[in-house]
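What follows is a short report on a single structure.
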Amino acid sequence: MRCPFCSHPEARVIDSRPLDSASVIRRRRTCEECRKRFTTYERVEAMPLVVLKSNQRRDPFSRDKLREGILRACEKRPISVDQIEKIVSEIEYELQDYVMEVPSRVIGEKVLKKLFVLDPVAYVRFASVYRQFQDIDTFLRELKKLKRETVKTRREKGESA
């Protein structure tokens, strides 16, 4: 592994650990030359996955595009980059069940489920773009649905609404 600071070709691994349930390994390294530390992430290179869009167009799956969409929904919310990265990794891991092709709606629904649990505002933001809300009534229906689900979840947990 080449050092990002001095470009020395040798770096020693000082700590290795898997990240959550995803097939990603985080490694802390130290350069043999300049002694600076840096982190690398390793993931298994899988078969390229193609996303089937609603208009029947096919695009290569992009982890960066997925992250960007979630980041946009979470803007100015109390959500850390680590939480977003965890969602992206979990979804990418869940998509391993698909061979070659996955419908875009499957990815969108997975994002919505995870954002629903994480942050209701980010959920509504993502839903408004993903489901292409056309008017205020559509927003209100989604907000009412979100409120019902939140109250239901709190009741199941024994919390007050």
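Coordinate-derived values only; no laboratory data. Source: prediction; values computed, not measured. Neighbour counts run over all protein chains shown; Cβ positions are idealised from the backbone, glycine included.
Points to keep in mind about this one:
- Of all residues in region 1-17, those that are closer than 21 Å to Glu85 by Cβ and in contact (Cβ under 8 Å) with a residue 24 or more places away in the chain total 2.
- Verdict on Asp15 being surrounded by 11 or more Cβ atoms within 10 Å (Cβ to Cβ) and outside any loop (DSSP other than H, G, I, E, B): yes
- In a residue-by-residue description of region 127-144, the property of being closer than 19 Å to Leu19 by Cβ and of a type outside the set (Gly, Ala, Ser) applies to no position.
- Identification of helices (runs of 4 or more DSSP H) wholly contained in region 99-159 with 2 or more residues that are exposed (fewer than 13 other Cβ atoms within 10 Å of the Cβ) and without any contact (Cβ under 8 Å) to a residue 60 or more places away in the chain yields 104-118, 136-157.
- When residues of region 18-45 are limited to those that are assigned to a loop (DSSP other than H, G, I, E, B) and among the hydroxyl-bearing types (Ser, Thr, Tyr), the one nearest to Lys86 (Cα to Cα): Ser21
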